[in-house]
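Just below is one structure, and these are the notes that go with it.
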Amino acid sequence: MRRDVFQAIADPTRRAIILLIASQAMTPNAIAEHFDTTRQAVSKHLRVLTECELVKQKQNGREIYYELEVKKMKDIDKWLDQYKKIWENRFNQLDNLLLTIKKQNKK
C-alpha cells in the first residue's frame, strides 16, 4: 500500500524524526535514543517515512543510515506555498481594510 506523504508528517514522532535527520544521517538505534519508545516503534515510523520517500536508507558497512530526502520535502513546501500565497493575500486585504477604517475614524 502506498502511503500519503501528508499522513506521514501528521504524526508528531515522524516529524521529530525528520527534524533529527535533517542535519545528519543517523542509524535507527541513534534515532531511537531520542524517544521514550521501543526501537521497534521507531522502526515502524522509519518504514512509513521510507515508503513515502521522505527518508532514504544508505548502507555504510553493516550499518544502515537514514537521511532526509530533500526533494520530497521540497514537494511538500511547494504544495504549502500555494496556501501561503492565499494567506498573505488575505492578510494584505485585512491590512488595507484596517487602514481604511483608521482613516475614516480620524475624519
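The values are calculated or read from the model by the stated rules, or taken from the named source; none is laboratory data. Predicted, not measured: the structure shown is a model, and the values here were computed from it. Note that we place each Cβ from the backbone using ideal geometry, even for glycine, and neighbour counts take in every protein chain shown.
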Quiz item: Could you say which residue among GLN7, GLN40 is more than 18 Å from the chain's Cα centre (by Cα) and either in a helix (DSSP H, G or I) or at pLDDT 95 or above (or both)?
Solution: GLN40
Quiz item: Which residue pairs have Cβ atoms closer than 9 Å, lie 6 or more positions apart in sequence or on different chains, and pair a first residue in region 57-79 that is closer than 14 Å to ILE17 by Cβ with a second residue that is part of a helix (DSSP H, G or I) and among the small types (Gly, Ala, Ser)?
Solution: TYR65/ALA30
Quiz item: So which residues in region 29-47 are surrounded by 19 or more Cβ atoms within 10 Å (Cβ to Cβ) and either within 17 Å of LYS71 (Cα to Cα) or not hydrophobic (A, V, I, L, M, F, W, C) (or both), if there are any at all?
Solution: HIS45
Exercise. Could you look through region 61-79, keep only residues that are at pLDDT 90 or above and within 24 Å of the chain's Cα centre (by Cα), and pick out the one that is surrounded by the most Cβ atoms within 10 Å (Cβ to Cβ)?
Key: TYR66
